[in-house]
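Before any comments, here is the structure.
Laboratory data are not the source of any read-out in this text; all were calculated from the coordinates shown. Everything quoted here is computed from the prediction, not taken from an experiment. FYI the Cβ positions are ideal-geometry reconstructions off the backbone, even for glycines, and counts take in every protein chain you see.
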Amino acid sequence: MDLDLLRIYARVATLSSFVRAAEQLGLTPARVTTGVQQLETQLGTRLLHRTTRSVRMTPDGEQFLQACQGLLADAEELASMFERTPTSLRGRLRVDMPNGIAQLAVIPRLPEFFAAHPQVALELSTTDRRVDLVHEGFDCVLRVGRLGDSELVARPLGTMALVNAASPAYLERCGVPKVLADLDRHWIVNYAQALGVSPLGWEYHDGKRWQLRPMASLVTVTNTDAYKAACIAGLGLIQSPRLGLRDALADGRLVEVMPELPGEPMPVSLVYANRRHQPKRVLAFMDWVAGVLQPWLQA
């Protein structure tokens, strides 16, 4: 059985789209459609229900996808069985991670990764939204924050410390908060995954557990760059990973406040699909990212 046809079917079934599968595989939609048809003919069964609006697997298609993914993983494992040097790793990697971590920590050191693995090609998505790892075809994603329940596999890397910060102009105008009660006279810049979500408030530990203190706000943002920019503009206090604020703290655009009352450290994890075997290039990249981020993480 042609492995290329299996790869085509697996991508179409995972994405529920012939067009998106074609884009990710670098093929024409016609070639992807023909490939699935050829596979169905060989198997003697319908794998996908197609309409003008949707593509979904048949019961046979669901069963075949599981076997198909296992076979493709085994084939890749066999192909790399006798690779003895890191430079022999090859293939495409599709990865997603938060924009700030990508710009500040990962991208500046990517030349090191490519020097060790020159035959690996990386597609790097940088966004603050929670991507759908399976349906968007990612090999792995780096996530900051608590993970929800899912069938995905998570590799915890550690936690990222938070720092409370404000701009000098804001502190001159509103005063420097020193205790929790002072926050009643201050503003917070709200960060939310989407507009319309209730603001969380100021996070602190009361000696027993983590608490949220409601605060007044002028602005809510949905992007970490905007979150930092709003603070620098003097629109309120923020609580953010130190990594993302290091340049602004170093050059004086931001000042740390209330260092004894930081927010809860944010867990950092690599997340990937629950498969029997991960390609060696994926494992190598995850190990490399873990090493790059180690100086910024707590155990």
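Brief remarks follow.
- Centroid-to-centroid separation of the range 252-299 and the range 178-217 [C-alpha atoms, Å]: 24 Å
- Radius of gyration and maximum dimension Dmax of the range 162-264, Cα, Å: 12.6, 35
- Structural descriptor for the chain: relative contact order 23 percent, calculated from alpha carbon pairs under 8 angstrom and at least 6 residues apart.
- Length, then width, then depth: along the principal axes, the Cα atoms of the range 3-79 run 39, 27, 19 Å.
- Pairs of Cα atoms nearer than 8 Å and 6+ residues apart set the relative contact order; for the range 3-79 it is 31 percent.
- For the range 157-233, the relative contact order comes to 33 percent (Cα pairs under 8 Å, sequence separation of at least 6).
- Electrostatic tally near ARG20: other residues with Cβ closer than 15 Å to its Cβ, Lys and Arg +1, Asp and Glu -1, net +3.
- Partner lysines whose Cα lies under 30 Å from the Cα of LYS178, excluding those fewer than 8 positions away in the same chain, are identified as LYS208, LYS228.
- Note on GLU136, GLU76: ascending count of other Cβ atoms within 10 Å places them as GLU136, GLU76, the fewest first.
- The packing ranking, built from the mean of other Cβ atoms within 10 Å per residue, places the peptides 46-55, 150-159, 7-16, 263-272 in the order 7-16, 263-272, 150-159, 46-55, highest first.
- Within the chain, percent of DSSP bridges classed antiparallel, to nearest 5: 65 percent
- Counting neighbouring beta carbons within 10 Å and listing from fewest to most, the residues MET1, MET258 come out as MET1, MET258.
- Inter-part distance where the range 91-116 and the range 13-80 are each reduced to a Cα centre, Å: 29 Å
- Overall form of the chain per C-alpha gyration tensor (a/c, 1.5; a/b vs b/c): prolate
- Net charge of neighbours whose Cβ lies under 11 Å from the Cβ of VAL221, counting Lys and Arg as +1 and Asp and Glu as -1: -1
- Summed residue charge, Cβ within 11 Å of GLY137's Cβ, Lys/Arg positive, Asp/Glu negative: -2
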